[in-house]
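The values are calculated or read from the model by the stated rules, or taken from the named source; none is laboratory data. In this text, all values refer to a predicted model and were calculated from it rather than measured experimentally. FYI the Cβ positions are ideal-geometry reconstructions off the backbone, even for glycines, and counts take in every protein chain you see.
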Amino acid sequence: MIQILIVEDDYRLADIHQKFLMELDYVHIVGKALTGKEAIEIASKKDIDLVLLDLYLPDMMGIEIIKELRNYQPDVDVIIISAASEKGVVGRAIRSGVFDYIIKPVIKERLIDTVARYNNIQSKLVEQNIIDQRVLDNYFGLSADHSIEPLKATPKGIDPLTLEKVKEIMEEIQQGITAEKMGKKIGASRTTARRYLEFLISQGKIVADLEYGTIGRPERIYHFNRNIN
């Protein structure tokens, strides 16, 4: 379970971000802070894995808050969610070691995708005592395994690590899967899951059939293409 703190001075946006994240069953919101002071106070009392942080708060700047939070929890990770797009501001945020930077307004699928990627990477780090190059390449958005064609150059909106997880799931299942069920498995929306599945179809890795349910509405079922070499 990922323990997440939302730091956002607009309570309406904080509620929206929380609502987005509630679609992920491995996420727990430990608190929402409207100011830097509130964020630091929560961090001093509760365990936090990940902070969704606005850069402009009434009492402190986001970069300063990151330093203060890590005084209490050195291993905390940060995803910036901010309207700030100035090169200097973005550069300082990146150099502070944030996991991701999302410019407002937040698109739900973008937020869910990055938290899902964070969860995938953290799972790999927990599973492996010795971290290999592939895990590191996935963390930094690269791929050292040139034998995996989809990871060579994925289009916009296709995260290599999430794509690899979808492929692994497709290889394991026998009866096929819908986009909705795949979304639940990877912690993403049905629309996001469908995007990855359709991309794999374009690569020849999987195939899809139409199956009619009890009310006669056709449903797209995806299967791993076991005829490929």
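Numbers for the structure displayed
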read-out: Verdict on Asp47 being charged (D, E, K, R), outside any strand (DSSP E or B) and touching a residue at least 24 places away in the same chain (Cβ under 8 Å); value: yes
read-out: Every residue from segment 173-215 that is among the basic types (Lys, Arg) and within 16 Å of Asp113 (Cβ to Cβ); value: Lys184, Lys185, Arg190, Arg194, Arg195
read-out: Which listed residue is surrounded by 18 or more Cβ atoms within 10 Å (Cβ to Cβ) and within 12 Å of the chain's Cα centre (by Cα), from Asp113, Asp54; value: Asp113
read-out: So Met1, is it free of Cβ contacts under 8 Å to residues at least 60 places away in the same chain and within 18 Å of Arg117 (Cα to Cα); value: yes
read-out: Residue satisfying all of: in segment 67-101; crowded, with 16+ Cβ neighbours inside 10 Å and under 19 Å from Asp10 (Cα atoms); farthest from the chain's Cα centre (by Cα) among these; value: Ala84
read-out: Unique match (being of a type in the set (D, E, K, R) and at pLDDT 90 or above) among Asp145, Asp132, Asp113, Asp77; value: Asp77
read-out: Qualifying residue in segment 179-191 (condition: small (Gly, Ala, Ser), at positive phi and touching a helix residue (DSSP H, G or I) at 6+ places or on another chain (Cβ under 7 Å)); value: yes
